[in-house]
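Just below is one structure, and these are the notes that go with it.
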Amino acid sequence: MFNIFKKKLVNNEEHIELDMNNIPKHIAIIMDGNGRWAKKKNLPRTMGHKAGVEAIRSIVKECNRIGVKYLTLYAFSTENWKRPKEEIDTLMKLLIQYLKNEFNELHENGVVINHIGDIKKLPVPCQEELKSAYERTKNNQGVVMNLALNYGGRDEIMDAINKLIKDIKSNKTSTNTIDEKLFESYLYTKGMPDPDLIIRPSGEQRISNFLLWQCAYSEFWYSDIYWPDFNVYHLHKAIIDYQKRDRRFGGIK
């Protein structure tokens, strides 16, 4: 029933046990704390973002290895446009660099590189890299890595409502058929299961406009670890905690 993973952690060797019959199908992560990580080390905030990109590599690889089907990474929110232009420009350059540098390894490991959010507002080179990465990996059979970019939960819901209204006006659908299943087909996450587990490092304990519709019955796991320091060990701790919980979805067992 249980598989044991042995991980060398700093100076200690710990045994991490995961129930391989109860791996979350969909894990979502709010990658928070890059700026505070940099400030703590007296570094520019941009260095924190670079370190944050490095942290993605091991998490994607491990999720793929243990059988997570979907991994959604909150990379850039609709509110992040309020940040200084220099920081935004750095984030966009890091996105392109990440897609170019990591593509071969991700592709070889069967990862699907997907994106959610309104990417039309991103710089054109970012849009092109994202679309190219998806087209070249969409038939892969590994974990689907959703990069949430220019993503906001409220914007997603409003966008879905406007698309639904448009289809009603053009007689593509009827007001008599509107239900949760139909509405979900207009969301960015169409065809994906809702996240079983949402992880937020950095010490903050809020949802920050992330997957507002989809998180209705998600389990949440918080940590004081800043995202650049988040590693496979912390991922396992979150999953183990998730596996101990009794998910009733409003019912009674």
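Derivation of every value follows stated rules applied to the coordinates shown; laboratory data play no part. In this text, all values refer to a predicted model and were calculated from it rather than measured experimentally. Cβ atoms come from the backbone with ideal geometry, glycine included; neighbour counts cover every protein chain shown.
Brief remarks follow.
- Search result, residues across the stretch 211-230 that are closer than 24 Å to I116 by Cα and either of a type in the set (A, V, I, L, M, F, W, C) or free of Cβ contacts under 8 Å to residues at least 12 places away in the same chain (or both): L211, L212, W213, C215, A216, F220, W221, W227, F230
- Taken over the stretch 201-241, the residue count meeting the criterion of being more than 17 Å from the chain's Cα centre (by Cα) and more than 16 Å from I59 (Cα to Cα) is 3.
- Within the stretch 231-253, residues that are surrounded by 15 or more Cβ atoms within 10 Å (Cβ to Cβ) have Cβ atoms under 8 Å from residues that are in a loop (DSSP other than H, G, I, E, B) and among the acidic types (D, E) in these pairs: Y242/D196, counting only partners at least 6 apart in sequence or on another chain.
- The stretch 122-147 - residue that is β-branched (V, I, T) and in contact (Cβ under 8 Å) with a residue 40 or more places away in the chain and, of those, nearest to I66 (Cα to Cα): V143
- Checked against the criteria, D159 does not count as farther than 25 Å from E79 by Cβ, of a type outside the set (S, T, Y) and out of contact with any helix residue (DSSP H, G or I) (no Cβ under 8 Å at 6 or more places or on another chain).
- Taking residues in the stretch 82-97 that are on the phi < 0 side of the Ramachandran plot, and partners anywhere that are hydroxyl-bearing (S, T, Y) and in a helix (DSSP H, G or I), the pairs with Cβ atoms closer than 8 Å and at least 6 places apart or on different chains are E86/T46; E87/T46; T90/T46.
- Annotation: K169 fulfils all but one of (1) more than 28 Å from D241 (Cβ to Cβ); (2) buried (at least 16 other Cβ atoms within 10 Å of the Cβ); the unmet one is (2).
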